[in-house]
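Before I ask anything, let me first share the structure, which is written out below as structure tokens.
Readers should treat all values here as calculations from the given coordinates under stated rules, not as data from a laboratory. Since the model is a prediction, treat every value here as computed from it, not as a measurement. With ideal geometry, Cβ positions are generated from the backbone for all residues, glycine too; neighbour counts draw on all protein chains shown.
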Amino acid sequence: MEFDVNIAIIGGNSKIASAIISLLTKETTWNLYVYSMTLHQVSTERIQYKAIPYAELKSWKEEFLSVRPDYIINTAAMTNVDACEDRKQDAWIANALFAEQLSRIALIIEAHLIHFSTDYVFDGAKGPYSEHDQPRPISYYGKSKLAGENAVLKSHAKNTVIRTNVVYGLTNDKQQDFVKWVLDSADAEKQINVVDDQYSNPTLTDDLALAAKRIIEKKRCGIYHIGGNTQCNRHEFAMEIAKVFHLDESLFIPIKTKDLHQTAQRPLISGLINLKAHTDLGISFSTITEGLVRLRHQMHVQNQE
């Protein structure tokens, strides 16, 4: 692909965006324009950072008419599942309306929109799920994300939807994920309850970044399920984290989801079948052991810098 391709990445402070930026910086000469609500980075010759509030739709339109990105990658979302239940309007604006507006802008500037979504669009009754399974969300987070998906998929802009689940990878102090929660709890010698009845296939951010790159290179449209090669429950995942990072396994207490009394329902038997992505994009996805070993090495390198 020619060197002057312009890639806009929205949600620049997310761990998925961080992995995409890292990979594209190393393996391409594409120009990157990274957007977020607040700035934590300094622009370079290759990467331009800019803060734009997601509700300022006029600003987004003006920005993209100026930059003219060839691809727009949207990693931004309101992902706190219980907060989405309590603040439905905020969730709808962030997860549905913003995706709809991006689709309209992408059509105007003839850009290809790549939009990230979630396995929470399914009910978790009989996962893992393929791209052909019918969504049936049971939380407002899932409903708002499905609405965003539909806005993107039904638009006349070129589009791709990437569904993923239980994302983990190299993070900074402002980013959170399941692995960081487990590591921070162990570091504080704090016992935590971890559910043993929620199943998924945890996804390494590096695999998501590679999938986004391959979608751009191959100009792929439609829905792709991107998930790791290990189907497990959260407690099993925590125990594997403990093994790889040499943590005290007694700190992680198995518990049932119903005993947490959370505001929003969670899909229990979930996860995503990655066969389409594996064959069409040519990616071998990480098992949780492979992903965690890679993450441990990356954290070691990060701490040495």
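Check which residues have an amide H placed less than 5 Å from I73's amide H, if you skip close sequence neighbours.
Close amide H contacts, sequence-distant or interchain: A8, I9, I10, I114.
Determine the sum of side-chain charges near V301: Lys and Arg each +1, Asp and Glu each -1, restricted to other residues whose C-beta is under 14 angstrom from that of V301.
Details: positive: K26, R294, R296; negative: D206, E305.
Local charge sum for V301: +1.
Peptides 142-150, 93-101: what's the order by average Cβ count within 10 Å, highest mean first?
Numbers: 142-150: 23.4, 93-101: 20.6.
My ranking of the peptides, most packed first, is 142-150, 93-101.
Let me ask something else. Only bridges whose two residues both fall in the chain count here: according to DSSP, what percent of them are antiparallel, nearest 5? Mind dumping the intermediate values first?
On the way: 2 of 38 bridges.
Taking every DSSP beta bridge with both residues in the chain, the antiparallel ones total about 5 percent.
Grab the other residues whose beta carbon is less than 15 angstrom from that of W92, score K and R as +1, D and E as -1, and report the net. Walk me through the numbers before you get to the answer.
Values: positive: R87, K88, K143, K145; negative: E85, D86, D90, E100, E149.
Local net charge: -1.
To the nearest whole percent, what portion of all C-alpha pairs in segment 155-305 is separated by more than 19 angstrom? Could the numbers behind the result be given before it?
Details: 6473 of 11325 pairs.
So the portion of pairs separated by more than 19 Å is 57 percent.
Of G222, T44, N193, which is farthest on the positive side of the dipole of segment 6-304, counting Cα position, with +1 on Lys and Arg Cβ, -1 on Asp and Glu Cβ, and the Cα centre as origin?
Towards the positive end, the residue furthest out is G222.
I'd like the Karplus ³J(HN,Hα) series for segment 41-54: coefficients 6.51, -1.76, 1.60, θ = phi - 60°, whole numbers in Hz, and an x wherever there's a Gly or Pro.
So the Karplus estimates, Gly and Pro as x, are 10, 10, 5, 10, 5, 8, 10, 9, 9, 8, 9, 9, x, 5 Hz.
Give the peptides 226-233, 160-167 in descending order of average Cβ contacts within 10 Å, highest first. Please report the intermediate quantities before stating the final value.
Details: 226-233: 22.2, 160-167: 24.0.
Sorting 226-233, 160-167 by mean packing, highest first, produces 160-167, 226-233.
Using amide H atoms built 1.01 Å from N in the peptide plane, name the residues 5+ places from V161, or on other chains, whose amide H lies under 5 Å from its own.
For V161, the qualifying residues are H115, G222, I223, Y224.
Could I ask something else about it? Would you calculate a helix-derived [θ] at 222 nm for the chain, using -39,500 (n - 2.57) for each DSSP H run of n ≥ 4 and dividing by the full residue count, to the nearest 500?
Numbers: 11 runs with 121 residues, N = 305.
-12000 deg cm²/dmol, from helical runs alone.
Same structure, new question: Would you list the P(r) distribution for the chain, with all Cα-Cα distances sorted into 10 Å bins from 0 and each bin expressed as a whole %?
It works out to 6, 28, 37, 23, 6, 0, in whole percents.
To two decimal places, what compactness ratio does segment 1-55 give when its Cα radius of gyration is scaled by 2.2 N^0.38 Å? Write out the running numbers ahead of the final one.
Details: Rg = 10.9 Å, N = 55, 2.2 N^0.38 = 10.1 Å.
That ratio works out to 1.08.
Here's a follow-up. Using a Gaussian network model of the chain whose springs link C-alpha atoms within less than 10 Å, name the residue from I288, I109, I223 with the highest mean-square fluctuation.
Taking springs between Cα atoms under 10 Å, the residue moving most is I109.
If every alpha-carbon in segment 1-131 counts as one equal scatterer, what log10 I(q)/I(0) does Debye give at q = 0.11, 0.21, 0.22 1/Å?
After summing over all Cα pairs, the log10 values are -0.42, -1.31, -1.40.
Ok, one more. Any idea what the dipole of the chain comes to, in debye rounded to 20, about its Cα centre with Lys/Arg Cβ at +1 and Asp/Glu Cβ at -1? Can you show the working numbers first?
Details: 33 positive and 37 negative charges, 153 e Å.
Charge dipole, the chain, about its Cα centre: 740 debye, nearest 20.
Residues with beta-carbon under 12 Å from that of E236, excluding E236: net charge, scoring Lys, Arg +1 and Asp, Glu -1?
Working: positive: R234, K243; negative: D196, D197, E240, E249.
Result for the neighbourhood of E236: -2.
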